[in-house]
Every structure is written in structure tokens, then in C-alpha cells.
Amino acid sequence: MNIKPLVIGDLVAKIPIIQGGMGVGVSLSGLAGAVAANGGIGIISSAQIGFNTPLFEKNPLKANLEALAEHIRIAKEKAKNGIVGVNIMTASRNYEEYVRCSVKNKVDLIISGAGLPIDLPKLVENSTTKIAPIVSSVKGAKILLKMWENRHNKTADAVIVEGPKAGGHLGFKAEELDKLEDIPYNFDNELKGIIEVVKGFADKFGKHIPVIFGGGVATNEDMKHFLDLGCDGVQIASRFVATEECDAHENFKQAFINATKEKVSIVKSPVGMPGRAILNDFIKETKQGNIKVKKCYQCLTHCDPLTTPYCITKALINSVKGDVENGLVFCGEGAYQIQKMSTVAEVIEEIVGTKAAV
Ligand SMILES: Cc1cc2nc3c(=O)[nH]c(=O)nc-3n(C[C@H](O)[C@H](O)[C@H](O)COP(=O)(O)O)c2cc1C
């Protein structure tokens, strides 16, 4: 396979792999720094990033902003001039503050999905931080890029396309997922359509806008498939979970290694989108009815603690700290294919097909 660097404006990643942001606490400075040091682009998830600090219970926003700055600093140190970005969900409460904090701490790239990040171009104005929205349809790509053009006279520096096999929140209705499941490369036509739309905006703005595909990319063959289709790179998350450098608890990594195909399931999420996660006691409990929220950690704009099916912050913190039966273990559709613990360098080498010369 002919591996070309992934170029996003003046950022050049030798390996065209972006590690997908994974919250809460799964992709922090440890994983992001390691991926960046190995030639890819490492992404820290900003979601409740201060969860492990004493301040979090009293003041989650302050704890999160302090932890975000600290993780960016550490990841950059580990990255040894590699590229470090942050994934900030548009549905996050205080979204703007997380973006401003990331820009202030000179992060290279901000990736935003789970909604349309309409004002992201304005928030990074006068900085060198690049921006990449996540889209899951031709329609979504058109709407967002048109809005950015009309409102800000700006376009994306890169576009991440997330397909139906991804982990975490999915930009698809549950019925659509049923239809798309189990067919290899089931999203290719939509992806080709998105590449066309992005090309239209790239031509208008006189620049190249790389398109990066994520969701079920797990092998060298997958990577080749998406590069041949016209993508500039791939976004990979699940494959990086069972690595020594991943920031999650050992039990979380083992849950991926032990997962069977039948255990990869779809769950309702307070974000209002379906999510993909490993079937466990927690998911079975959510199917019996809402789980009462004892405390609100102010994570999502549209979540009402009185009516939400469960507290997503609490559920994700439980699992990342090791309680993988009583927490939400987000995973990609291909998580069951992961059989062993690896290092980041090994995963990259396997997917790219050769040792990364970085
Ligand atoms: C454990 C886990 C947590 C995730 N958390 C987030 C998140 O906080 N924000 C987000 O935009 N995507 C999130 N994702 C999606 C990934 O960034 C990525 O795009 C997707 O999982 C790629 O598919 P793959 O896991 O099959 O490689 C998460 C995925 C996993 C597996």
C-alpha cells in the first residue's frame, strides 16, 4: 500500500491515521501522545476530562478545563513534535470554553461531532488551530459546510466521516443501523458522495480538504480500501483501546479483548443518538427503565436529569475506572475482533503494513 502523509494545512502526519477521541478518560495524554509520537495524529477527548481530580465533584467545569490544559501539555511533550488534537463534542455544555481552552493551549487540531459545530470557525479565529467537523451523511456535510461558508466565510481544514460501524455515539437512527449492519463496507456510496461535496467546497476555497473515514477500520485491508476510495486517511479508535498506552483501566481493555460479536450492542444515549457499547449488566438495567440520577455533572446541553435514561457521565466514569459491568463501555462494531494487548506502535505497524519510520 502506498502510504502518503496526511496533510491538514501546515500539519503533516507521516502516518495517515487519526486516533479517534474517546471519552470519558479513554484517550488522554497517554494514548494521544503515543499515537502522535508514532507518526499519527493523537486525539485527547475533552469529555469530563477532569473526572479523576478531587475538584471534579465540587466544580466539574473548572476541573475539566485545568485537566484539559494539563493533558494537552503532557501529550505534546510525549508527541515529540507529533500532532496532538482534541475531540470536543458539540453537545457538551460549555462547548465554547473547552474550545477556547484548547486554542489557548495551542492544540493543533479540534475535531467536533455529536451535533453541528456551527460557530467553531469563529472560536478559533486568529489562531493556528485547525478544525475538522465529524459528519455521517452527504446532507450533514452540505448543511454544515454551507453554514460555515455563509456565516464565517470559512471552510473546514479536514472532514471526518464517521460510518455506522463506529463506537460511541452514532449519527444514525437505530433503524438505519439495523439496515447497514453486517454488510462489509456498507457505507461506501454515502462516503463517495461526501468526498464529492467536500471537493466542491475545497475548489471554491482554493485548497485541498482532506477527508478521513472512521468506523470499523481495523486492518491493513480496511485502510487500503478507504485510501483507494479517495480518502486521505482513516480515523481509528477501538483498535487503540487494547494497547499499553491507552488511558483506560486494565478491565476496560480486557472487556474489549473478551468481547464476542453477540456482546457488541446498541444502547440509547442521553445525547439523543444511539450509541454502540458492550452488552453488560448496566445495559440490561437501562432496558428495564430509567436509572435515577443522583447528581448532575453538567455534561450535555440537552440532558434533563429528571427524564434522562441514565447519567452518562457516571456510567462512563464507572467503566473507565474499571467497573465494566456497572458502567457504559462504548466500543466500535469490530471490537470483538481484538484478541490481544498490543502497543500503539504494533497496532500502527499492523494497519499500515510496515514499520513506521518516524
Ligand atoms: C470507547 C469509545 C469512546 C468514544 N468517545 C467518543 C467521544 O467522546 N467523542 C466522539 O466524537 N467520538 C467518540 N468515539 C468515536 C471514535 O472517536 C471513533 O470515531 C470511532 O469509534 C471509530 O470507529 P472504530 O472504533 O471502529 O475505530 C468513541 C469511541 C469509543 C470506542
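Among the aspartates and glutamates, which fall within straight-line cross-link reach of LYS294, defined as a Cα-Cα distance under 13 Å, with same-chain neighbours fewer than 8 residues apart omitted?
Qualifying aspartates and glutamates at Cα under 13 Å: GLU57, ASP304.
Got a number for carbon plus sulfur as a percent of the chain's accessible area, 1.4 Å probe?
51
Please list, by residue number, every one of the GluC sites (Glu not before Pro) in the range 144-217 that is coil in DSSP and has at most 13 other beta-carbon atoms within 10 Å.
Loop-located and lightly packed - GLU181.
Is the chain best put as rounded, prolate or oblate by its Cα gyration tensor, with a ≥ b ≥ c the root eigenvalues, rounded for a/c under 1.5, and otherwise prolate when a/b is larger than b/c, oblate when not?
Judged from the Cα gyration tensor, the chain comes out rounded (a/c under 1.5).
Once you have the Kirkwood Rh of the range 251-333 from its Cα pairs, apply Stokes-Einstein at 4 °C and 1.567 mPa s and quote D in µm²/s.
100
Express in whole angstrom the spacing between the alpha-carbon centres of the range 186-241 and the range 119-166.
Spelled out, the Cα-based centre of one part sits 14 Å from the other.
Would you mind checking LYS62/LYS314; LYS179/LYS268; LYS76/LYS253; LYS146/LYS204; LYS192/LYS224; LYS4/LYS142 for any pair whose Cα atoms are more than 20 angstrom apart?
LYS76/LYS253; LYS4/LYS142
Suppose all protein chains stay in the model; what accessible area per residue would a 1.4 Å probe give for the chain, in Å²?
Solvent-accessible surface per residue comes out at 44 Å².
From the backbone phi of the range 34-49, what are the Karplus-calculated ³J(HN,Hα) couplings (6.51 cos²θ - 1.76 cosθ + 1.60, θ = phi - 60°) in whole Hz, Gly and Pro given as x?
5, 5, 5, 5, 9, x, x, 10, x, 10, 8, 8, 7, 4, 6, 5
Could you please report the charge total around GLY167, scoring K, R as +1 and D, E as -1 over all other residues with beta-carbon less than 13 angstrom from its beta-carbon?
+1
Can you compute 3J(HN,Hα) from phi for each residue in the range 224-233, using the Karplus curve 6.51 cos²θ - 1.76 cosθ + 1.60 with θ = phi - 60°, rounded to whole Hz and x for Gly and Pro?
4, 4, 6, 5, 4, 6, x, 6, 8, x
Treat each spin label as a single point 7 Å out from the Cα along the C-beta direction, and report the LYS122 to LYS292 distance in nm.
In this crude label model, LYS122 to LYS292 measures out at 4.2 nm.
The values are calculated or read from the model by the stated rules, or taken from the named source; none is laboratory data. Values in this document were obtained by computation on a predicted structure and should not be read as measured data. Cβ atoms come from the backbone with ideal geometry, glycine included; neighbour counts cover every protein chain shown. SASA here: full protein model, heavy atoms, side chains in, ligands and nucleic acids out. Shrake-Rupley method; radii C 1.70, N 1.55, O 1.52, S 1.80 Å.
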